[in-house]
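Laboratory data are not the source of any read-out in this text; all were calculated from the coordinates shown. None of the values given here were measured: they were computed from a predicted structure.
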């Protein structure tokens with residue numbers, strides 16, 4: 001992509017209302033643009049990162065054997081009344097009426113819709129276990145949207161739902177999903193605390209949050225080096241002491257961002273909506289369910305929150321919008337020609353490259369490269385082509401090196 005043609009560019013100043021590092025950097029670097037409180041445009045650079053996060057999640061969900069599908073954003077009132085959440089959902093539902101005065105909710109989550117599908121498609125133990133997931137637009141009527149992408153009103157979420165005949169089968173699958181989540185966050189360059197937590201508006205017997213330690217985080221997590229972690233809210237609800245239940249040590253405390261969550265739903269929704277199956281003995285039983293969520297935008301904001309330095313963003317390799325940021329410096333015709341040749345060769349080889357071909361000063365171009373945070377910066381200038389080389393610098397390193405163009 002030629003940067004001169006890219007829709008959306010870096011800003012010289014950060015948004016005045018940016019409350020978090022990720023909000024400030026993502027907006028200034030041209031990844032997102034705020035339309036309203038908690039509502040954001042993803043500009044091309046931002047959507048590339050968003051899409052790469054989606055694909056990492058998709059790969060790990062497919063590896064679990066889950067099938068991808070899609071449910072509507074709008075869901076009818078009657079389903080929410082059946083589950084008992086039409087009036088009790090927190091944050092409250094976004095509710096709309098059509099021209100026939102029929103009421104709908106903009107889905108913040110899809111337990112009602114998926115359970116309705118399950119009661120119509122799952123009839124026998126032979127249909128179980130099964131699992132399906134979507135990556136889809138969600139709406140949450142937050143009282144106060146904060147932290148840029150960390151708490152928004154509209155966002156994309158991966159929500160996986162699983163259905164089981166026995167508690168034993170569910171427990172095995174629940175463990176597999178937790179392991180898949182650990183792989184996802186490792187690929188995203190995030191260190192997570194798998195944290196015992198309350199089920200909140202979703203509910204569930206056992207709930208774990210995947211918390212990323214960060215000063216801007218809204219949650220307080222108590223944790224032990226042995227791996228045990230617990231949400232402060234859950235501690236207060238259960239009267240848990242500040243000592244590790246696994247090894248007995250005093251727990252440490254940190255602020256953290258919730259990047260994902262898994263819920264053991266049991267039969268909460270299947271009983272409410274009448275989703276049952278017939279077992280081997282011919283007896284009808286409620287389906288045992290689990291649900292598992294990751295907010296794509298929030299994860300993107302979390303990565304930006306922890307992967308940065310004083311100059312800008314430092315994207316992990318797997319989610320960076322491009323692999324190489326090619327910079328042409330100077331107006332010398334030979335240097336400009338060589339930079340274009342290098343760009344065309346990289347494109348032909350299928351390399352993801354952002355080419356800064358603007359008529360800007362070297363200082364502006366290099367500062368923008370640091371701000372955008374692509375893993376490698378390649379500089380072509382009159383000085384480098386004299387040596388038939390390109391100046392190469394990794395974003396997370398300070399040193400530059402000259403590499404022969406023939407070697408590249």
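Relative to the dominant Cα principal axis of the chain, helix 362-372 is inclined by about 10°.
Across q = 0.10, 0.18, 0.20 Å⁻¹, the range 69-155 modelled as identical point scatterers on its alpha-carbon atoms has Debye log10 I(q)/I(0) values of -0.31, -0.88, -1.01, in the order of the q list.
Per 5 Å bin from zero, what fraction in whole % of the C-alpha pairs of the range 280-408 is there, up to the bin with the longest pair? Whole-percent P(r) values from 0 Å outward: 2, 10, 17, 19, 16, 10, 6, 4, 3, 3, 2, 2, 2, 2, 2, 1, 0. Full extension of the chain between residue 127 and residue 68 gives 19.5 nm of extra length, using 0.36 nm per residue less the Cα-Cα distance.
The slack in the chain from residue 142 to residue 364, taken as 0.36 nm per residue of separation less the alpha-carbon distance, amounts to 76.1 nm.
The angle between the Cα long axis of helix 44-63 and the longest principal axis of the Cα atoms of the chain comes to about 50 degrees, rounded to the nearest 10. Seen from every direction in turn and averaged, the convex hull around the alpha carbons of the range 88-203 projects onto 10.0 nm².
Both the radius of gyration and Dmax for the range 59-103 are 15.1, 44 Å, in that order, over alpha-carbon atoms. Shape of the range 361-408 from the C-alpha gyration tensor: oblate (a/c of 1.5 or more and a/b not above b/c, with a ≥ b ≥ c the square roots of its eigenvalues).
GNM on the chain, alpha-carbon springs under 10 angstrom: the most fluctuating residue among 352, 182, 258 is 352.
Given 4 °C and 1.567 mPa s, how large is the Stokes-Einstein diffusion coefficient of the range 1-92 in µm²/s, with Rh as the Kirkwood radius over Cα pairs? Approximately 77 µm²/s, per Stokes-Einstein.
Comparing 73, 262, 221 in a Gaussian network model of the chain (Cα springs below 10 Å), the most mobile by mean-square fluctuation is 73. Helix 333-348 and the longest principal axis of the C-alpha atoms of the chain enclose an angle of approximately 30°.
For the Cα trace of the range 7-60, dividing Rg by the Kirkwood Rh returns an Rg/Rh value of 1.03. Here is the P(r) of the range 3-309: all C-alpha pair distances, binned every 20 Å from 0, give 31, 58, 12, 0 in whole percents. Under a Gaussian network description of the chain, with springs only between Cα atoms under 10 Å, the residue in 27, 66, 369 that fluctuates furthest is 66.
Taking each DSSP H run with n ≥ 4 as -39500 (n - 2.57) and averaging over every residue of the chain yields -9000 deg cm²/dmol at 222 nm. For the range 222-290, the equivalent ellipsoid derived from the alpha-carbon gyration tensor has semi-axes of 37, 14, 11 Å in decreasing order. The length gained by stretching the chain between residue 249 and residue 12 to full extension, at 0.36 nm per residue less their Cα-Cα distance, is 80.5 nm. Shown here: the range 1-155, whose C-alpha atoms stretch 60, 39, 28 Å along the first, second and third principal axes, sorted largest to smallest. Once the gyration tensor of the Cα atoms in the range 169-297 is diagonalised, the equivalent ellipsoid follows with semi-axes of 30, 17, 14 Å, ordered largest first.
In terms of Cα atoms, the Rg and Dmax of the range 299-368 work out to 14.3, 43 Å.
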